[in-house]
Amino acid sequence: MRRMMKTSRTATQARHGHSKTHCLKILRRLSAYLDNDLAPGVCEEIRKHLGPCPNCEVFVSSLRRTVDLCRHVDTPPLTSTAKARLRSQILRAAGRP
């Protein structure tokens, strides 16, 4: 079974012409890509990758839809206690007291 999965992955990579590592590089930039925060050359590289890569194309489509849905949902206001607790947790996670 493992060999079949590996063969399948290799066939998929050959069909795309790139590796999983390249997909991960693209995926790390998607948020900035969707926000139009990347240089034009980087955006073009991502667009070129997405066309022949169905997995990344589906992921981008899903992420784009998720972002769109989040933009249209009302966010409830936080209480001052909740804000303070959230701030404290963020600072603690960042390594600051």
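Which pairs have Cβ atoms under 8 Å, sit 6 or more apart or on different chains, and link a residue in the stretch 77-90 that is assigned to a helix (DSSP H, G or I) to one that is surrounded by 10 or more Cβ atoms within 10 Å (Cβ to Cβ)?
Leu86/Leu78
Is it true that some residue in the stretch 19-33 is at pLDDT below 90, surrounded by fewer than 12 Cβ atoms within 10 Å (Cβ to Cβ) and in a loop (DSSP other than H, G, I, E, B)?
There is no residue in the stretch 19-33 that is at pLDDT below 90, surrounded by fewer than 12 Cβ atoms within 10 Å (Cβ to Cβ) and in a loop (DSSP other than H, G, I, E, B).
Given (1) out of contact with any Asp or Glu (no Cβ under 7 Å at 6 or more places or on another chain); (2) surrounded by 12 or more Cβ atoms within 10 Å (Cβ to Cβ), identify the lone condition not met by Arg65.
It fails just one condition, (2).
The values are calculated or read from the model by the stated rules, or taken from the named source; none is laboratory data. It should be emphasised that the depicted structure is a prediction, and the values quoted were computed from it without experimental measurement. Methodologically, a virtual Cβ is constructed for each residue, glycine included, from the backbone with ideal geometry; neighbour enumeration extends over all protein chains shown.
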